[in-house]
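Peer 1: Following this message is one structure expressed as structure tokens.
The values are calculated or read from the model by the stated rules, or taken from the named source; none is laboratory data. All of these numbers come straight from a predicted model, not from anything done at the bench. Cβ coordinates were reconstructed from backbone atoms using ideal geometry, including for glycine residues, and neighbour counts include every protein chain displayed. Note: areas computed on protein heavy atoms with side chains; ligands, DNA, RNA excluded. Shrake-Rupley method; radii C 1.70, N 1.55, O 1.52, S 1.80 Å.
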Amino acid sequence: MDMFGKIAFIGAGNMAEAMIKGLLSSGFADAGNIYVTNKSDRDKLAGLKTRWGVKTSHDKAHVLEDARIVILGVKPQDMECALNEMKGLLTQEQLIISTAAGLSLDWFEKRLDKDYCLVRTMTNLPCQVKAGATAVTMGKNTKDSQRFIVDALFSSLGIVMHVKEDMIDTITGLSGSGPAYVYLMIAAMAEAGEQNGLAKEVAFQLAVQTVFGAAKLVKESGIDSKKLVQLTSSKGGTTLAGLKELENGGFTRIIGSAVKMAAQRSRELSVSY
Ligand SMILES: NC(=O)c1ccc[n+]([C@@H]2O[C@H](COP(=O)([O-])OP(=O)(O)OC[C@H]3O[C@@H](n4cnc5c(N)ncnc54)[C@H](OP(=O)(O)O)[C@@H]3O)[C@@H](O)[C@H]2O)c1
């Protein structure tokens with residue numbers, strides 16, 4: 001079933017591929033209706049075509065023609081150039097969705113020649129396994145029917161939350177960049193297991209399943225995560241010894257500053273470009 005019509009991806013990087021993979025596995029989009037372009041990497045486009053059966057082209061006019069949804073998946077520093085190359089090719093009927101960190105709706109409005117239907121999002125890499133977290137701010141020209149499309153598109157990739165635009169930088173620091181913090185934790189746990197005698201693969205599988213299971217439990221049980229910390233640590237036990245070491249190293253404070261620094265970088269990006 002194709003819910004969305006033609007979707008044009010401008011940018012063929014990590015985020016575009018994650019979204020394409022998630023969309024196709026959701027069954028709500030047809031590969032034949034997904035068109036992808038990038039700046040110059042022909043091998044990357046060929047790879048996407050082979051892996052996902054999507055249409056690829058270096059001609060932006062071809063990719064954008066009759067597209068109902070345009071997804072901007074380029075880095076913030078490349079966005080201005082990409083927009084210039086799309087001048088005259090976008091239409092006011094299209095829903096234009098930015099995935100870029102740091103670039104505000106106002107930033108886009110100032111650089112585009114007309115009033116387009118713009119949406120700012122902050123999604124994350126797990127959308128490729130339909131476990132993404134996406135925050136959305138609808139632009140002032142969007143219609144209710146387009147909000148429905150945005151919800152359908154991103155809920156096929158995970159959860160969607162509509163937020164005020166001034167929250168997006170914090171969300172970038174939390175869930176946009178957050179998967180990387182968790183991957184680092186998995187790597188650290190696996191390495192610790194290995195250093196203490198476990199086989200590499202065993203340590204890795206146990207670390208991954210522990211993080212996956214912990215997240216699944218907190219999500220499905222609805223129990224507050226601090227309560228779950230208490231439930232897993234009995235007085236004088238092993239977990240408490242581990243937790244004590246984490247807090248001695250400033251674990252909670254350091255996660256707080258990681259979110260804050262990434263959010264700050266998102267704010268800086270909007271003034272740099
Ligand atoms: N990766 C994440 O986890 C993540 C999370 C949240 C948000 N985001 C946001 O998602 C966006 C994409 O990130 P990414 O990680 O996917 O980046 P990426 O892997 O570096 O991909 C960027 C893509 O943009 C293309 N591009 C650059 N200039 C272009 C132009 N003028 N016209 C068409 N395509 C152009 C590049 O093409 P070439 O390869 O040919 O140069 C490449 O395909 C960023 O704005 C980022 O802030 C990413």
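Peer 1: Over its Cα atoms, what ratio of radius of gyration to 2.2 N^0.38 Å does the chain give?
Peer 2: 1.12
Peer 1: V129 to E109: extension gain in nm, 0.36 nm per residue of separation minus the Cα-Cα distance?
Peer 2: Working: separation 20, 0.36 × 20 = 7.20 nm, distance 3.22 nm.
This chain segment gains 4.0 nm when fully extended.
Peer 1: Next up: With the radius of gyration and the Kirkwood radius both derived from the Cα set of the stretch 110-269, what is their ratio Rg to Rh? Could the numbers behind the result be given before it?
Peer 2: Numbers: Rg = 19.4 Å, Rh = 18.4 Å.
Dividing the radius of gyration by the Kirkwood radius yields 1.06.
Peer 1: With r defined as the distance between the Cβ atoms of L184 and A152 and R0 fixed at 22 Å, what FRET efficiency is calculated, to the nearest 0.05?
Peer 2: The computed FRET efficiency comes out at 0.10.
Peer 1: Rounding to the nearest 10 and keeping the result within 0 to 90°, find how far the Cα-based axis of helix 178-195 lies from the longest principal axis of the chain.
Peer 2: That works out to roughly 40 degrees.
Peer 1: Let me ask another. Could you sort M161, M86, M15 by their accessible area in this structure, using a 1.4 Å probe and putting the largest first?
Peer 2: Sorted descending by solvent-accessible area, the residues read M161, M15, M86.
Peer 1: Shifting gears a bit: Any idea what the relative contact order of the chain is, in percent, if you count C-alpha pairs under 8 Å spaced at least 6 apart?
Peer 2: Computed value for the chain: 16 percent relative contact order.
Peer 1: First compute the accessible area of the stretch 123-183 with a 1.4 Å probe, then give the percent of it belonging to carbon and sulfur atoms.
Peer 2: 64 percent
Peer 1: Note the angle between two axes, namely the Cα long axis of helix 200-221 and the longest principal axis of the Cα atoms of the chain, as a number of degrees from 0 to 90, rounded to the nearest 10.
Peer 2: Roughly 80 degrees between the two axes.
Peer 1: If I model a spin label at K227 and Q195 as a point 7 Å from the Cα along the Cα→Cβ vector, what separation in nanometres do I get?
Peer 2: 3.5 nm
Peer 1: Could you grab the relative contact order for the stretch 122-273? Cα pairs under 8 Å, six or more apart, rounded to a whole percent.
Peer 2: Relative contact order here is 24 percent.
Peer 1: Can I ask one more? Which of the three applies to the stretch 53-148, rounded, prolate or oblate, going by the alpha-carbon gyration tensor with a ≥ b ≥ c and a/c under 1.5 meaning rounded?
Peer 2: It is rounded, given that a/c, with a ≥ b ≥ c, falls under 1.5.
Peer 1: Give the shape of the stretch 168-227 as rounded, prolate or oblate, defined through the alpha-carbon gyration tensor: a ≥ b ≥ c are the square roots of its eigenvalues, a/c under 1.5 means rounded, and otherwise the shape is prolate if a/b is larger than b/c and oblate if not.
Peer 2: oblate
Peer 1: Helix 251-272 against the longest principal axis of the chain: what's the angle in degrees, Cα atoms only, rounded to the nearest 10?
Peer 2: Between helix and principal axis, roughly 20 degrees.
Peer 1: Another question, if that's okay. Show the residues, 5+ positions off or on another chain, whose built amide H is closer than 5 Å to the amide H of V160.
Peer 2: T134
Peer 1: Relative to 2.2 N^0.38 Å, what does the C-alpha radius of gyration of the stretch 7-169 come to as a ratio? Two decimals please.
Peer 2: 0.94
Peer 1: Related question: Give me the accessible area per residue for the stretch 7-169, probe 1.4 Å, as a whole number in Å².
Peer 2: Per-residue accessible area for the stretch 7-169 comes out at 44 Å².
Peer 1: Which of the peptides 251-262, 220-231, 134-145 is most tightly packed, and how do the rest follow, judged by the mean count of other Cβ atoms within 10 Å per residue? Show your work: numbers first, answer last.
Peer 2: Numbers: 251-262: 13.4, 220-231: 10.5, 134-145: 16.9.
For the peptides 251-262, 220-231, 134-145, the packing ranking is 134-145, 251-262, 220-231.
Peer 1: From Cα pairs below 8 angstrom and at least 6 apart in sequence, can you work out the relative contact order of the stretch 7-169, rounded to a whole percent?
Peer 2: Normalised by residue count, the contact order of the stretch 7-169 is 22 percent.
Peer 1: Here's another thing I want to ask about it. Once fully extended, how much extra length lies between E268 and I254, figured as 0.36 nm per residue of separation less the alpha-carbon to alpha-carbon distance?
Peer 2: In short, 3.0 nm is gained.
Peer 1: So which GluC sites (Glu not before Pro) in the stretch 47-93 end up in coil per DSSP with only 13 or fewer other C-beta atoms within 10 Å?
Peer 2: Passing sites in the stretch 47-93 are E65, E93.
Peer 1: If you don't mind, another one. Can you give me the orientation-averaged projected area of the convex hull built on the Cα atoms of the stretch 1-58, in nm²?
Peer 2: 3.4 nm²
Peer 1: I would also like to ask the following. Is the stretch 96-157 best put as rounded, prolate or oblate by its Cα gyration tensor, with a ≥ b ≥ c the root eigenvalues, rounded for a/c under 1.5, and otherwise prolate when a/b is larger than b/c, oblate when not?
Peer 2: Oblate is the answer for the stretch 96-157, as a/c is 1.5 or above yet b/c matches or exceeds a/b.
Peer 1: Modelling each spin label as a point 7 Å along the Cα-to-Cβ direction, I'd like the C81/L243 distance in nm, to one decimal.
Peer 2: Modelled inter-label distance: 5.0 nm.
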